[in-house]
Every structure is written in structure tokens, then in C-alpha cells.
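For reference, the structure is listed below as C-alpha cells.
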Amino acid sequence: MKIPTLVCAFFCLFMTTKLAHASQDLADLQHIGIVIEDLDPDSESVGLTKQFLSDMVLVGLKRDVPKLKIDNESVSSFFYVQITTVTLNNGTACAIDVALERPAMIVGDNGKIFSTVAKVWDKGSLLKGPTSGTASRIRDFINDFVTAFAAQYYKDNP
């Protein structure tokens, strides 16, 4: 009686472990664009520009995932960056969100198929501190997020 229970427990452990590591959200990703959301005035006041962020993401992706084709012409998957900053009394708080959005199909309750875009990978953080040096701290966070994206990409595309 104990052996079947042990075998079942081992099988369940094996299946749980396999499912926990089988994301595949970035599988077969070959071509992406970069989208930087419009910056608010406080983000610009700490020294950020859309061009600066776009260049930084482009260089990071080219460095960490060189086989991934990156351009904004006729792509359906996007590496998305959104930064919201609030500056008050010589201090700054920033919300940083970095994500990969891919096309997805959703089957409705009536069986009708809808096409949409789904966030399949994301990282985010809140940053607070003195206003000086905020742009470089944001740059460090985004570089870390690009590296985390590259790690997941290589896991899903061995």
C-alpha cells in the first residue's frame, strides 16, 4: 500500500517541477519592436528622454540577445517601457515598468476568437530617493530588467 502512494507522490512532484519551469512565453520570439511610453514632465525634469531610453534598451537587447531582430517595422511583439515620475520637495519617486507584449488569441464563451496583445513577460519596480542621480538609477534598473529578459529568452529558446 505504501509503494503506490510513494510513486504517486513522486510523479506529482515531478509534474509540478516540470510545470514550474515550463514558461515558454518567449518561445520562438525572433523579431520585436521597442515602444517607450510618452514621458511625464517630472520624468523629463530628471534628465530622461524617449530617445535616451530607446537607445539604452536597443543597446541592451543587442548586447544580451544578439540573435533577436529589433526594429519597429511590421512587428507584432513589442518590448515596452513605461516610467512615471513624481518629484516633490527635492525627492523623486518613480514607477518603472518593462514588459514584452505579444499577439494572442482569446476564445470567447460563445466560441468566437478574438485577437489581442498580451503581456507575457514583465518586470517593474518603485524607486525613491533624491532627485539628483535619478536618471542613472533608472538606467541601472532598466539594464537589469533587459538582462532578466535575456535570461528568460534563453531559457525559452535553448
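The values are calculated or read from the model by the stated rules, or taken from the named source; none is laboratory data. Given the structure is predicted, the values throughout are model-derived calculations rather than measurements. All Cβ positions, glycine included, derive from the backbone under ideal geometry; neighbour counts span all protein chains shown.
Would you be able to tell me the number of residues in region 58-95 that are surrounded by 15 or more Cβ atoms within 10 Å (Cβ to Cβ), over 21 Å from residue 121 (Cα atoms) and of a type in the set (A, V, I, L, M)? Matching residues across region 58-95 total 1.
Among the residues of region 43-96, those that are part of a loop (DSSP other than H, G, I, E, B) and over 24 Å from residue 29 (Cα atoms) comprise 46, 47, 48, 49, 89, 90.
For region 52-80, residues that are closer than 19 Å to residue 96 by Cβ and over 16 Å from the mean Cα position of the chain (by Cα) total 2.
For (1) modelled with pLDDT under 90; (2) surrounded by 15 or more Cβ atoms within 10 Å (Cβ to Cβ); (3) closer than 30 Å to residue 90 by Cβ, each residue gets a yes or a no:
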site	(1), (2), (3)
1	yes, no, no
7	yes, no, no
10	yes, no, no
22	yes, no, no
31	no, no, no
42	no, yes, yes
46	no, yes, yes
51	no, no, yes
56	no, yes, yes
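Condition first: exposed (fewer than 13 other Cβ atoms within 10 Å of the Cβ), at positive phi, over 18 Å from the mean Cα position of the chain (by Cα) and part of a loop (DSSP other than H, G, I, E, B). Can you find one or more residues in region 102-115 that meet it? Yes, the conditions are met somewhere in region 102-115.
Among the residues of region 116-140, those that are of a type in the set (A, V, I, L, M, F, W, C), closer than 20 Å to residue 41 by Cα and surrounded by 13 or more Cβ atoms within 10 Å (Cβ to Cβ) comprise 127, 135, 138.
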